[in-house]
1. Report the relative contact order of the chain, percent, no decimals, based on alpha-carbon pairs under 8 angstrom and at least 6 residues apart.
2. Cα gyration tensor of the stretch 17-141, axes a ≥ b ≥ c as square roots of the eigenvalues: rounded (a/c below 1.5), prolate (a/b > b/c) or oblate?
3. Residue by residue through the stretch 38-54, what is 3J(HN,Hα) from phi via Karplus (6.51 cos²θ - 1.76 cosθ + 1.60, θ = phi - 60°)? Round to whole Hz and write x for glycine and proline.
4. How big is D for the chain, in µm² s⁻¹ as a whole number, if Stokes-Einstein is applied with the Kirkwood radius of its Cα pairs at 37 °C and 0.692 mPa s?
5. Specify the residue with the greatest mean-square fluctuation among A106, A294, A229, computed from a Gaussian network of the chain linking alpha-carbon atoms under 10 Å apart.
6. Taking square-rooted eigenvalues a ≥ b ≥ c of the alpha carbon gyration tensor, is the stretch 108-178 rounded, prolate or oblate, where a/c under 1.5 means rounded and, failing that, a/b exceeding b/c means prolate?
7. For a quick check, take a GNM of the chain with Cα springs below 10 Å and name the residue from Q18, Q368, Q136 with the largest mean-square fluctuation.
8. To test your reading of the geometry: what angle, between 0 and 90 degrees and rounded to tens, separates the Cα axis of helix 11-22 from the longest principal axis of the chain?
Amino acid sequence: MATYVIVGAGLAGAKAAQTLREEGFDGEIVLIGAETERPYERPPLSKDYLQGKSEREKIFVHAPEWYPDNGVDLRLGIPVTRIELDHHVVRLGNGSRQPYDKLLIATGATPRRLPGPGHYLRTVDDSETLKERFEQAESVLIVGASWIGLETAAAARAAGRAVTVVEPEPTALNRALGPELGDVFARMHARKGVDLRFGTAAAEITDTGVRLSSGERLTADLVVVGIGAVPEVGLARDAGLEVEQGVLTDAALRTSHPDVFAAGDVAEPFHPLYGRRLRVEHWANALHGGPAAARSMLGQEVAYDAIPYFYTDQYELGMEFSGDIEGYDEIVYRGDVESLEFVAYWLRDSRVIAGMNVNVWDVVEEIQELIRSRTIVNPKELATGQS
């Protein structure tokens with residue numbers, strides 16, 4: 001009987017295990033996680049769960065009984081310390097060894113850190129700690145106008161706290177959305193009373209706040225850092241797998257070893273649609289990448305070409321984003337940007353490469369079809385909904 005081992009008990013790993021069973025795999029599945037919680041979804045941790053609007057049980061991927069009922073050996077609180085490719089074995093932190101026939105690496109990412117005693121938001125424990133600290137702190141300083149940073153800022157303002165955001169880029173979400181749309185989010189947060197400090201970097205977190213690269217010191221009761229994440233590629237690199245920004249895979253999510261696969265935040269697969277490697281950290285990538293990897297492990301023909309997708313909820317703004325803005329040369333708007341009810345399209349050579357719907361719903365499929373088709377569009381018709 002074959003044994004498939006999944007290293008990383010997050011959304012990608014849990015969905016991979018589920019798909020293996022749904023596709024008829026009757027061998028042994030071992031799902032190993034370093035955290036003590038069973039697999040859960042991370043987006044609520046900086047949104048509803050952080051604001052106390054969502055119950056804890058709703059964040060989990062499966063009920064506790066799902067794992068034994070489906071023959072999934074879930075081992076929690078045990079880090080994998082080494083992958084031995086030649087022996088088809090993983091070594092665990094408790095000293096045991098686990099053989100495998102095929103292996104999925106779904107180790108995710110870890111927050112990029114700064115020197116000093118800051119708070120980070122990655123795990124359910126992190127989210128619960130911040131909820132408690134919001135009740136105690138009068139002022140919150142957030143390093144990084146990233147998605148995590150801005151969602152945390154919105155949660156802190158909802159809790160009635162004074163909020164300052166420090167960001168070295170010229171505006172919010174500058175790399176993710178570009179300056180035009182980044183400014184939309186910046187203006188919204190400014191209207192909500194957030195003190196935005198752009199063009200300045202945090203050099204160090206102190207016991208009383210943050211020291212900026214300029215030497216200026218800002219004080220706050222609570223400092224939260226949201227400056228991106230680093231993929232957990234250490235196991236793969238140490239094992240001798242090919243690694244760059246993430247673990248390199250082909251379009252079937254197969255690594256440089258034929259029996260080892262990678263999915264989720266840690267993977268850097270070749271994307272058939274874009275014709276290049278593309279590492280995506282968002283929730284949808286784990287949701288769809290785990291099942292794709294599972295099918296590939298089973299020998300099915302897989303070409304993982306999901307269009308990057310992300311969503312956010314901040315104050316009264318709900319948004320969905322699809323695509324990748326790299327190389328855009330034009331932005332077309334449909335709707336009213338100032339009232340935060342619009343669709344934005346990023347174009348390159350008159351083709352849609354990304355789209356974002358803000359407080360406009362049921363258009364993601366349309367946006368993704370425009371991206372996939374690579375159709376040359378008329379900007380005026382696109383703006384009026386005729387394209």
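1. On the way: 866 pairs, mean separation 56.0, N = 387.
For the chain, the relative contact order is 14 percent.
2. Numbers: a/c = 3.03, a/b = 1.65, b/c = 1.84.
It is oblate, given that a/c is not under 1.5 and a/b is not larger than b/c.
3. 5, x, 9, 8, 8, x, x, 5, 10, 10, 4, 5, 5, 8, x, 9, 10
4. 149
5. Top of the fluctuation ranking is A229.
6. Working: a/c = 1.73, a/b = 1.25, b/c = 1.38.
The shape class here is oblate.
7. Q136
8. 40
The values are calculated or read from the model by the stated rules, or taken from the named source; none is laboratory data. Because the structure is predicted, anything quoted here is derived from the model rather than measured. All Cβ positions, even for glycine, are placed from backbone atoms using ideal geometry, and neighbour counts span all protein chains on display. For the accessible areas, the whole protein counts, side chains as well, though only heavy atoms, and no ligand, DNA or RNA atoms are used. Shrake-Rupley method; radii C 1.70, N 1.55, O 1.52, S 1.80 Å.
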